[in-house]
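The values are calculated or read from the model by the stated rules, or taken from the named source; none is laboratory data. Values in this document were obtained by computation on a predicted structure and should not be read as measured data. Positions of Cβ are generated from backbone atoms using ideal geometry, with glycine treated the same way; all protein chains shown enter the neighbour counts. These accessible areas exclude ligands, DNA and RNA; they are computed on the full protein's heavy atoms, side chains included. Shrake-Rupley method; radii C 1.70, N 1.55, O 1.52, S 1.80 Å.
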Amino acid sequence: LSLAKFKLLAKEYPQSGFAPQALYVLSHFEPDDDWLVRLELDFPNSTFLSRDSTISSVSTNTLIEAQRDHAWSLFQQSYEDAYKEFNRISTKEQDTLSAYITGLISDIYLNDIERSVQHYQAFMDNYSDHSYSSTVANRLKEIKQDLENLSDIAQQGIDYQIAVNYLLKEFNYDSVKVLLTEISSGTSSPYKDAANNLKASI
């Protein structure tokens, strides 16, 4: 959609102040077409024609923004495709915002905790002074706490099963009470509720 808008701008409004920008972006996404030639002919003094190593930050930022727009447009067909494109922009262009977005997509849209932690941690390692660093740090803390809670609940399930086996097979009330007390002191869960009920019944 972004490319279509740029094409419309370049064709319908060739004298617009944004036309050079549109032609510049199109020349990168469709290098086999004549967008660059048109830019050179119609706007020979444009800063977007800078070819040396000190290319203007304006043109560079414009290209990255267009690439981000394209990456977001991929959401319509696949979250994974959008993730891959943002990851490419982050890696190739060293774009800090795209680096953050790769973690966000992995976390919120793909529900891939392992991958999101990798991206968030890499963001903290490389861009600790970025405005999003506190948001990323807080999210990493949340994920760590969530994983610890899941581990605790899983252990509760194991202990509850052992407690029930002691009760049914060995009538070992002392061991059952110890296990149930440990479960009751842990994270809130169905196992904790069941342990409290069983302990009350005993």
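Kindly check whether there is at least one residue in segment 139-156 that is surrounded by 14 or more Cβ atoms within 10 Å (Cβ to Cβ), more than 26 Å from Leu97 (Cβ to Cβ) and touching a helix residue (DSSP H, G or I) at 6+ places or on another chain (Cβ under 8 Å).
Yes, segment 139-156 contains at least one residue that is surrounded by 14 or more Cβ atoms within 10 Å (Cβ to Cβ), more than 26 Å from Leu97 (Cβ to Cβ) and touching a helix residue (DSSP H, G or I) at 6+ places or on another chain (Cβ under 8 Å).
Going through segment 122-146 one residue at a time, which ones are over 26 Å from Gly186 (Cβ atoms) and either part of a helix (DSSP H, G or I) or hydrophobic (A, V, I, L, M, F, W, C) (or both)?
Ala122, Phe123, Met124, Asp125, Asn126, Ser133, Ser134, Thr135, Val136, Ala137
Would it be correct to say that Gly186 is open to solvent by less than 70 Å² (accessible area, probe 1.4 Å), of a type outside the set (S, T, N, Q) and modelled with pLDDT under 90?
Answer is yes for this residue.
Considering segment 90-121 alone, what residues qualify as being at pLDDT 95 or above and more than 20 Å from Tyr79 (Cα to Cα)?
Passing the criteria: only Gln121.
Is there a residue in segment 168-186 that is free of Cβ contacts under 8 Å to residues at least 12 places away in the same chain, touching a helix residue (DSSP H, G or I) at 6+ places or on another chain (Cβ under 6 Å) and not in a helix (DSSP H, G or I)?
yes
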